[in-house]
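Working notes, structure below.
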Amino acid sequence: MADDKKKRTLLSRLKSRFRLVVMNEETFEEKASFRLRPLNVFVTFGLGAILLIILTSFIIAFTGLREYIPGYADLKTQRRVLYLVQKTDSMEAQLASRDEYIENIRKVIDGTFAKQNPDLKSGAPVSAYDTIHKLHKSVEDSLLRQEIESQDQFSLAVNDNSSLSNSISSFLFFPPLKGTLTNRFDPITKHFGIDIVSNANEPIKATLDGTVVLANFTSETGWVIGIQHSNNLFSFYKHNSALLKKVGDFVKAGDVVAVIGNSGELSEGPHLHFELWFNGTALDPKKYIAF
């Protein structure tokens, strides 16, 4: 009974009405007044505290402020850690591969390397290479090998048959310069070559293997270089700005021998005048070379 009486007394006090008055201390003039109940005050402050806690938790959880709380890491740090983990895994794989390679090299040097392939399944048949008998070369095979090995390994000739030894069609020519043809071959006007225009400082290349037999300057054709090829083929490269080979040099097809230029009295602009001679006769290079 006493406990019930105390509870009713406490509840009645909480529901009791009070009046909060704000007055001037000097004049005792009432400025404002509020009707309050202790229960309402407790409920209001309790709800306000709960809302403040929820708002603070939301701000900390979903904003950048959580970075300043011990135990939370920022996104940059997390990305950096992930990158370092991946990098570490990659380095471990590379180190393992390198260690395995070094171990295999050591076994090879020591003579302890397994003769059988470790990837073979147990019981798989292994080829008996020591039972293979050495094959004997036939006379025809030996003659063919000797003939092939005696030929010039750098020759661009298609074949060496006697029927084609005096034919220009038995050669594959390398274009000395890629560009635009401005003046074609015309023996009537004694223009025994073609003129090719291209970019400045473009390299001039040898059309076939051969030996440089001419490399000098003339007043009419400027810097000129001539190359003697096999089968009495000869090529001329005129109006160059510079020569990169000298007399006696051996060149291969495609080697740079000069630089395009505009030297000589007969030149009217940067270009290459290219001539091709066979058995002392001037040929039209466009029939045999794709420029």
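The values are calculated or read from the model by the stated rules, or taken from the named source; none is laboratory data. Please read all numbers here as calculations on a predicted model, not as lab measurements. Neighbour counts run over all protein chains shown; Cβ positions are idealised from the backbone, glycine included.
Of all residues in segment 239-257, none satisfies being without any contact (Cβ under 8 Å) to a residue 60 or more places away in the chain, within 21 Å of Lys190 (Cβ to Cβ) and among the charged types (D, E, K, R).
Take the conditions surrounded by 16 or more Cβ atoms within 10 Å (Cβ to Cβ) and more than 39 Å from the chain's Cα centre (by Cα) and apply them to Leu283. Does it pass? Against the criterion (surrounded by 16 or more Cβ atoms within 10 Å (Cβ to Cβ) and more than 39 Å from the chain's Cα centre (by Cα)), Leu283 qualifies.
Go through the residues of segment 26-49 one by one and say whether even a single one is loosely packed, with under 10 Cβ neighbours inside 10 Å and at pLDDT below 70. Within segment 26-49, not a single residue is loosely packed, with under 10 Cβ neighbours inside 10 Å and at pLDDT below 70.
Out of the residues in segment 188-204 that are in a loop (DSSP other than H, G, I, E, B) and out of contact with any Asp or Glu (no Cβ under 9 Å at 6 or more places or on another chain), state the one that is surrounded by the fewest Cβ atoms within 10 Å (Cβ to Cβ). Working first, answer last.
Of the residues in segment 188-204, the ones in a loop (DSSP other than H, G, I, E, B) are 188-190, 192-193, 198-202.
Applying the additional criterion that residues be out of contact with any Asp or Glu (no Cβ under 9 Å at 6 or more places or on another chain) yields 188-190, 198-202.
On the way: Ile188: 5, Thr189: 8, Lys190: 7, Ser198: 17, Asn199: 10, Ala200: 10, Asn201: 11, Glu202: 17.
Among those that are in a loop (DSSP other than H, G, I, E, B) and out of contact with any Asp or Glu (no Cβ under 9 Å at 6 or more places or on another chain), it is Ile188.
Here Thr207 fulfils each of the conditions (1) in contact with a Ser or Thr (Cβ under 8 Å, 6 or more places away or on another chain); (2) outside any loop (DSSP other than H, G, I, E, B); (3) at negative phi apart from (2).
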